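For reference, the structure discussed in these notes is given below.
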Amino acid sequence: MILSDKKILEAIESGDIVIEPYDRACLGTNSYDVHLGKHLANYRDEVLDARKHNLIDHFEIPEEGFVLQPGVLYLGVTQEYTETHHAVPFLEGKSSVGRLGIDIHATAGKGDVGFCNHWTLEISCTQPVKVYAGMPIGQLIYFMVEGDIERFYNKKSDAKYNARTDKPVESMMWRNKF
């Protein structure tokens, strides 16, 4: 079951959902709009190795915008810091963003109960497109969880993305054993 605007508001009031900064105007019928933060990143190496720590270089989107190029993976970040304590958050692109040919995540649209951070975006595009810090980029949808949670994400000692940051975070696949 997807939370309605009224249920999202109740969860915000109770502290089960935290959104900072919060703007009531960003609350839709059953979602909350999030915005592109000012930081982007690119991987240093052209060939990425899933068993190795692939380093990234951060940069800020200038006020006049930044042109994304096809064939390049950009790591972005939401302007909003979020916490979700009793629902499963899903991040989806806004239709207006999709109609510009921008994808905001390759596969990582689902968060975990207990995720507390800014969202890293895996941004790609089909043709050159200029983006701006603060532009609407996606929407959070919240699904109810049935049953008790044994291990909240923010309490897991092996969680790879718990360190709070307002910058994009590179893949931590290399921390897995395979």
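Values in this text are rule-based calculations from the coordinates and carry no lab data. This one's a predicted model, so the numbers in the text were calculated from it and none came from an experiment. All Cβ positions, even for glycine, are placed from backbone atoms using ideal geometry, and neighbour counts span all protein chains on display.
Go through the residues of region 135-149 one by one and say whether even a single one is part of a loop (DSSP other than H, G, I, E, B) and of a type in the set (Phe, Trp, Tyr). Even if it seems obvious, please write down each step before you answer.
From region 135-149, those part of a loop (DSSP other than H, G, I, E, B) are 135, 145-149; that's our starting set.
Checking which are of a type in the set (Phe, Trp, Tyr) leaves us with none.
Checked region 135-149: no residue is part of a loop (DSSP other than H, G, I, E, B) and of a type in the set (Phe, Trp, Tyr).
Which of the residues that make up region 8-63 are within 24 Å of Arg164 (Cβ to Cβ), in a helix (DSSP H, G or I) and not acidic (Asp, Glu)?
Ile8, Ala11, Ile12, Ser14, Cys26
Give all pairs with beta carbons closer than 9 Å in which a residue from region 36-47 that is under 13 Å from Ile137 (Cα atoms) meets a residue that is outside any strand (DSSP E or B) and small (Gly, Ala, Ser); count only pairs at least 6 apart in sequence or on separate chains.
These pairs meet every condition: Leu36/Ala133; Leu36/Gly134; Gly37/Ala133; Gly37/Gly134; Lys38/Ala133; Lys38/Gly134.
Considering only residues that are under 22 Å from Gln79 (Cβ atoms) and surrounded by 15 or more Cβ atoms within 10 Å (Cβ to Cβ), which ones fall in region 146-170? Outline the logic, then answer.
Step one: list which residues in region 146-170 are under 22 Å from Gln79 (Cβ atoms), which gives 153-154, 161-170.
Listed by number, the residues that qualify are Tyr153, Asn154, Tyr161, Asn162, Lys167, Pro168, Val169, Glu170.
Considering only residues of region 46-101 that are of a type in the set (S, T, N, Q) and more than 30 Å from Met1 (Cα to Cα), which is surrounded by the most Cβ atoms within 10 Å (Cβ to Cβ)?
First pass over region 46-101, keeping only residues of a type in the set (S, T, N, Q): 54, 69, 78-79, 82, 84, 95-96.
From what's left, more than 30 Å from Met1 (Cα to Cα): 54, 69.
Values: Asn54: 17, Gln69: 12.
Checking each candidate, the answer is Asn54.
Name the residues in region 120-134 that are in a strand (DSSP E or B), surrounded by 15 or more Cβ atoms within 10 Å (Cβ to Cβ), in contact (Cβ under 8 Å) with a residue 60 or more places away in the chain and not β-branched (Val, Ile, Thr), would you?
Our first condition is that a residue be in a strand (DSSP E or B); within region 120-134, this holds for 120-125, 129-131.
If we keep only those that are surrounded by 15 or more Cβ atoms within 10 Å (Cβ to Cβ) too, we end up with 120-125, 129, 131.
Subset that is in contact (Cβ under 8 Å) with a residue 60 or more places away in the chain: 121, 123, 129, 131.
Correct list: Leu121 only.
Among (1) touching a Pro at 6+ places or on another chain (Cβ under 8 Å); (2) more than 18 Å from Tyr161 (Cα to Cα), there is one condition Leu100 misses while meeting the rest; what is its number?
The one condition Leu100 does not meet is (1).
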